[in-house]
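Read through the structure below, which is laid out as structure tokens, and then see the notes.
The values are calculated or read from the model by the stated rules, or taken from the named source; none is laboratory data. Keep in mind it's a predicted model, so treat the numbers as computed, not measured. Note that each Cβ is placed from the backbone with ideal geometry, even for glycine, and that neighbours are counted across all protein chains shown. Remember, those area values only see protein heavy atoms, side chains included, never the ligands or the DNA or RNA. Shrake-Rupley method; radii C 1.70, N 1.55, O 1.52, S 1.80 Å.
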Amino acid sequence: MRKKVEHGALLQHNGTITCLEFYGTAHLLSGAEDGLICIWNTKRWECLKSIKAHKGHVTSLSIHPSGKLALSVGTDKTLRTWNLVEGRSAFIKNLKQNAHIIKWSPDGEKYVTVIMNKVDIYKLDTASITGTITIEKRISSIRFITDSVLAIAGDDEIIRFYSCDSQKCLCEFKAHENRIKDIYSFEREGQHVIVTASSDGYIKVWNLDLNKIKNMPSLLCEVSTKARLTCLAVWLDQASEMKENCEKTATSTQANEDEKPSVDKKKTVCGMNKSGKLTKQHRKIVPVKRKLEAPLQKKKKKQNSSE
């Protein structure tokens with residue numbers, strides 16, 4: 001993405017690709033109309049395993065936050081749970097109708113399925129429905145904002161925020177002039193950002209204040225693509241952000257060193273922890289003058305001994 005270079009094409013499926021989902025930066029899962037789910041290694045871009053998942057089309061899939069499980073739904077009216085560690089089926093549940101969306105919650109304790117205009121909320125430990133949300137229009141996209149707040153876009157111009165616990169609508173607002181096709185959300189610097197794409201050709205970015213969720217989110221920016229949008233993905237350049245933060249930290253550290261050259265200092269080093277968050281570590285730095293003192297003293301001693 002940074003170099004804007006195309007890597008190539010992955011040619012494993014024999015039908016139209018219907019869903020894609022990354023797990024971290026190492027693996028990619030793909031589902032298609034041929035009924036297969038393929039697991040890809042993103043380092044070498046090779047297919048590690050191809051699973052015959054559904055008798056019909058695979059319509060949607062979602063990976064558990066732990067990376068050990070995945071859920072899929074298809075046109076065979078089944079919801080299937082997959083053991084990704086062993087690459088085999090773990091559980092099959094029959095549905096009354098074909099579901100076209102499935103999604104895990106961020107904490108992995110619940111998941112939702114979408115059938116037409118209805119959202120069924122399941123609890124993981126019991127695999128039973130704990131609540132249902134129904135809207136007037138067919139649902140085109142859903143997104144967990146938090147573990148308990150769900151954003152729903154139907155085939156209209158409205159974005160709705162629902163509570164997964166009470167199944168009540170917390171807020172709704174007109175976001176576009178035409179049908180909303182997809183929603184994306186992420187959190188940065190404590191703020192929840194919502195990105196929406198519509199058939200009107202606009203991509204809009206909103207700021208959502210969860211403490212004032214009854215109020216309409218504020219529009220941060222928008223862009224007209226002059227195209228009929230059908231889906232959306234957001235790329236967050238975390239590497240560039242980390243580099244920028246490191247440069248700011250290094251600049252401020254250097255300024256402090258210039259002010260106090262004779263005092264022992266601590267240098268702040270930026271890095272990434274296992275969860276992918278920016279961390280700061282402090283390392284003690286000994287001034288250059290002190291490093292030179294020891295060799296000079298040894299040299300003087302040698303001269304005195306030779307005399």
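Some values worked out for this structure:
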| quantity | calculated |
| --- | --- |
| Neighbour cut-off at most 15 other Cβ (10 Å), DSSP loop, trypsin sites (Lys or Arg not before Pro), the stretch 142-201 | K168 |
| Karplus 3J(HN,Hα) series, Hz, for the stretch 216-221 with 6.51 cos²θ - 1.76 cosθ + 1.60 (x for Gly, Pro) | 5, x, 8, 7, 8, 6 |
| For the stretch 13-134, size of Cβ-based charge dipole, Lys and Arg +1, Asp and Glu -1, in debye | 180 debye |
| Spin-label model distance (nm) - K3 vs T42, 7 Å beyond Cα toward Cβ | 1.7 nm |
| Sites C221 and M116, calculated FRET efficiency, Cβ-Cβ separation with R0 41 Å, nearest 0.05 | 0.80 |
| Carbon plus sulfur fraction of accessible area for the stretch 13-134, probe 1.4 Å, in percent | 52 percent |
| Proximal charge balance of H57 [Cβ under 9 Å; K/R count +1, D/E count -1] | -3 |
| Spin-label model distance (nm) - A90 vs S66, 7 Å beyond Cα toward Cβ | 0.6 nm |
| Over the stretch 30-165, relative contact order from alpha-carbon pairs under 8 Å, at least 6 apart, % | 13 percent |
| Dipole of the stretch 13-134 [Lys/Arg +1, Asp/Glu -1 at C-beta], most positive-end residue of I121, L71, A90 | A90 |
| Estimated distance in nm for a label pair at N14 and I213, the labels positioned 7 Å out from Cα along Cα-to-Cβ | 4.6 nm |
| Contour minus Cα-Cα distance for E189 and E109 (0.36 nm per residue) | 26.3 nm |
| Summed residue charge, Cβ within 14 Å of L11's Cβ, Lys/Arg positive, Asp/Glu negative | -2 |
| Per residue value of the accessible surface for the stretch 87-139 (all protein chains in place, 1.4 Å probe), Å² | 53 Å² |
| Size of the stretch 13-134 as Cα extents on the principal axes (Å, biggest first) | 42, 29, 21 |
